[in-house]
Amino acid sequence: MSRILKPSLWKLLLALVLLYISSTLWRAYVISRISDTFPLGFPFQFYLSWGPCQAGQNCSESNWLFLVIDMILWYVVSAFSVDLLGKNKQD
């Protein structure tokens, strides 16, 4: 298990790509349903903004814990994916 989760460049890059793609797709889906809400993060929304916003008001919120959880989750998914792909190449 520790061999699978050991960091590598491919695992980190894949985790960032998965985080970006999942956030973008979730954002597109939410915007298509609710036109004035703009989330980032999937499966946990770590940033949310909404509008229209009056001058002087704060129309966004963020949660750093959800960002860390998202990053860990997508890293674990990428670690298992890279390990699985590596095993298939060797066979």
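Annotations for the structure displayed:
- Summed over the stretch 55-76, the residues that are among the hydrophobic types (A, V, I, L, M, F, W, C) and either in a strand (DSSP E or B) or touching a Cys at 6+ places or on another chain (Cβ under 7 Å) (or both) give a count of 1.
- Ala79, sole failed condition from (1) in contact with a Phe, Trp or Tyr (Cβ under 6 Å, 6 or more places away or on another chain); (2) part of a helix (DSSP H, G or I): (1)
- All positions within the stretch 1-54 that are among the basic types (Lys, Arg) and assigned to a helix (DSSP H, G or I): Arg3, Lys11, Arg27, Arg33
- Residue match in the stretch 5-16 (condition: surrounded by fewer than 16 Cβ atoms within 10 Å (Cβ to Cβ), within 24 Å of Ser60 (Cα to Cα) and either touching a residue at least 60 places away in the same chain (Cβ under 8 Å) or out of contact with any Leu (no Cβ under 8 Å at 6 or more places or on another chain) (or both)): yes
Here, each number is a calculation from the coordinates, and none is a lab measurement. A quick note: this is a predicted structure, and the numbers were derived from the prediction, not measured. Virtual Cβ from ideal backbone geometry, glycine too; neighbours counted across all protein chains shown.
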